[in-house]
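Undergrad: Encoded as structure tokens, here's the structure I'll be asking about.
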Amino acid sequence: MEQLFSERHALRDIKIKTDLIDREKYQMLNECCDKYYDNLAADFPDRYSYDDSIHSVNNRDLIRELKYRIPRFHADNYWQGTPKRKLGQSRKDPYALLDYIEFMALHIKTIVSQHEDGCFRGDFVFDEASDAAFVDFREEINRIFDLTGLTYTLTANKQIERITEADDFIRQESKVIDQTPENGLRSLIFEAISLYKNPKPEIHRLASEKIWDALERLKTIYVTKDIDKKESVTRLISDLSDNNEHYISLFNAEFKALTDIGNEYRIRHHETSKIDIIDDAYYDYFFNRCFALITLVLKYIER
């Protein structure tokens, strides 16, 4: 999106970034989806009785699908049996709307033409091989995300991800993770990243749990019948510090600190004696601290 004069010259307040979808943002995103409603007709066709031509979206089939696929969105936005939007409702489920945007992305097909049929709307002709409609839809949705400061993006694989301050770092470290010699460790790290990028805050706890699982697996990477977990960690720290006593001390302390966090806070264990995480924002801190140590160590382990 092109910058205006005051944006180019830093003469306006910094845009506030947020993951909260208020009523106005909800409406803007929903209206964008409505623009592409006809593009769903290929997957939810309403056909003439006398031939196989598609003349509109089969609202009954679509609404029935939404009722079971995204029940909260269905409850928020539809009267029974009709696609008419409810008006005046102030509390709608924002994550159900994100589900609906993904649903739209998965089912949008490119309309090539619409044959005229007298004074009536003509039949739709779709190009199933073209993704032009999805590309346009994605561009419009992401423009709304950017315009309103929402920290989400609709990706090319038709999934919504959270935009985080760690995105550049994660992309930078992806090559290191790809080269991880142990398949189980690599899978855990990528699963943790996927959970971390999920828009729903309650999923970020799972991301922290998974990245701590990856740390515990990393500690055992040198374990053999002759080398136990403690010795494996000692070897990791030796490789990492190049036997420099200052860095041996530093990384020993960091491994211990992260181990203690995983054991004492409600991340990997959920007994009543564990310390609750009182702010969801803490999960970002925990995740990034653990992720940084893991990816640093991966650069130094023997291949």
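None of the figures in this text is laboratory data; all of them are computed from the coordinates on show. The structure displayed is predicted, hence computed values, not measured ones. Backbone-built Cβ (ideal geometry, glycine too); neighbour counts: all protein chains shown.
Undergrad: Roughly speaking, what is the centre-to-centre gap between segment 198-244 and segment 54-71 when only Cα atoms are used, to the nearest Å?
TA: The distance from the Cα centre of segment 198-244 to that of segment 54-71 comes to 47 Å.
Undergrad: Then there is this: If you place +1 on the Cβ of every Lys and Arg, -1 on the Cβ of every Asp and Glu, and leave all else neutral, what size is the dipole of segment 97-226 about its Cα centre, to the nearest 20 Debye?
TA: That gives a dipole near 580 debye.
Undergrad: Taking the dipole about the Cα centre of the chain, with the C-beta of Lys and Arg at +1 and of Asp and Glu at -1, give me whichever of 163, 211, 50 is farthest to the positive side.
TA: Projecting each Cα onto the dipole axis, the largest value belongs to 211.
Undergrad: Hey, another quick one. To the nearest Å, what is the center-to-center distance of segment 249-285 and segment 137-191, using C-alpha atoms only?
TA: Using only Cα atoms to place each centre, the spacing works out to 24 Å.
Undergrad: Highest mean first, how do 29-38, 290-299, 125-134 rank when packing is the count of other Cβ atoms within 10 Å averaged over residues?
TA: The peptides rank, most packed first, as 290-299, 29-38, 125-134.
Undergrad: Over segment 183-297, what is the relative contact order in percent, taking alpha-carbon pairs closer than 8 angstrom and at least six residues apart? The partial results should precede the final answer.
TA: Values: 99 pairs, mean separation 30.9, N = 115.
Reported as a whole number, the value is 27 percent.
Undergrad: If you look at just the Cα atoms of segment 164-298, how large are its Rg and its Dmax in Å?
TA: Rg, Dmax (Cα atoms, Å): 14.9, 44.
Undergrad: While we're here: Just checking my list (1) 1.09; (2) 1.25; (3) 0.96 against Rg/Rh (Cα atoms, Kirkwood Rh) computed from this structure; which label fits?
TA: Correct label is (1).
Undergrad: Among the listed pairs 35/197; 158/230; 17/219; 197/274, which are separated by more than 32 Å between their Cα atoms?
TA: 158/230; 17/219
Undergrad: Let me ask something else about it. Check which residues have an amide H placed less than 5 Å from residue 126's amide H, if you skip close sequence neighbours.
TA: The answer is 112.
Undergrad: Could you pull out every one of the lysines with an alpha carbon less than 18 Å from that of residue 92, ignoring same-chain neighbours closer than 8 positions?
TA: 25, 67, 84, 200
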